[in-house]
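Notes follow the structure.
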Amino acid sequence: MQEEIDSKEMLRQLLHIFFGSVFIASVVLFGMSATLYFLIAIFLIGAVISFLIMKGSNVPIFSQIVETIGRGSEKELPGQGALFFFLGAIILMALFNEQHIVVGALIVSVYGDGFSTIIGKTFGRKKLPNNKTLEGSMAGIIVSALLLGLLFPPHAAIATAVIGMLAELLPIDDNLTIPVVSAVVLKFF
């Protein structure tokens, strides 16, 4: 049973990283406005699909995806993680209109959060609040700092990585907290 949970979570995080990479590429290639409208459309479609699944409808492909990678805690709102991921990116883009800040915040949200879960679930031993691990959080900080270091000065990259990944420990869904907190830190620098 544990092996099934781990492979499900691994697939979930790989999808998180893949689609997050698509959003980052979209911001860079197509701009903030086009990406924001795209994310809003996807969020609204996803909310409708989630509602239909919640009401017992079988939505081809999507029902199977939710069943395959959904967490048990998402039974009341199918696809909650994906919906909050889109919502977090929408809020980020609505609050911050500077492309480099949005890209930096998405780096922490996509790669830091994704790798923190992968490493934490695989190697994590020292427990932190909200079912996180020290090993996972450290991996998220390192990955985020390295990638942010390609775009920002070292002090800004490290501070954003550390504070952004600490936002993962807050009692609010980390798909909402990480991008906004990371953007605030980057705005400061």
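So the values come out like this:
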quantity	calculated
Search result, residues across region 97-142 that are surrounded by fewer than 24 Cβ atoms within 10 Å (Cβ to Cβ) and of a type in the set (D, E, K, R)	98, 121, 125, 126, 127, 132, 135
Number of positions in region 163-183 that are buried (at least 18 other Cβ atoms within 10 Å of the Cβ), more than 13 Å from residue 117 (Cβ to Cβ) and hydrophobic (A, V, I, L, M, F, W, C)	6
Subset of region 143-156 (residues that are without any contact (Cβ under 8 Å) to a residue 24 or more places away in the chain and either surrounded by 14 or more Cβ atoms within 10 Å (Cβ to Cβ) or not in a loop (DSSP other than H, G, I, E, B) (or both))	145, 146, 149, 154
Residue match in region 53-61 (condition: surrounded by 15 or more Cβ atoms within 10 Å (Cβ to Cβ) and in a loop (DSSP other than H, G, I, E, B))	yes
Every pair of residues 6+ apart whose Cβ atoms lie under 6 Å, when the first sits in region 126-137 and is closer than 17 Å to residue 162 by Cα and touching a residue at least 60 places away in the same chain (Cβ under 8 Å) while the second is part of a helix (DSSP H, G or I) and of a type in the set (Lys, Arg)	none
Complete set of residues in region 113-128 that are assigned to a helix (DSSP H, G or I) and either more than 18 Å from the chain's Cα centre (by Cα) or of a type in the set (A, V, I, L, M, F, W, C) (or both)	115, 118, 119, 122, 123
Residue check for residue 104: in contact (Cβ under 8 Å) with a residue 60 or more places away in the chain and under 14 Å from the mean Cα position of the chain (by Cα)	yes
Residue 53 vs. criteria farther than 16 Å from residue 19 by Cβ and modelled with pLDDT under 95	yes
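So that you can scan it fast, the table gives a plain yes or no per residue for (1) at pLDDT 95 or above; (2) more than 21 Å from residue 106 (Cβ to Cβ); (3) among the β-branched types (Val, Ile, Thr); (4) out of contact with any Ser or Thr (no Cβ under 9 Å at 6 or more places or on another chain):
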| site | (1), (2), (3), (4) |
| --- | --- |
| 4 | no, yes, no, yes |
| 8 | no, yes, no, no |
| 17 | yes, no, yes, yes |
| 25 | yes, no, no, yes |
| 34 | yes, no, no, no |
| 44 | yes, no, no, yes |
| 49 | no, yes, yes, no |
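The values are calculated or read from the model by the stated rules, or taken from the named source; none is laboratory data. This is a predicted model, so every value here is computed, not measured. Backbone-built Cβ (ideal geometry, glycine too); neighbour counts: all protein chains shown.
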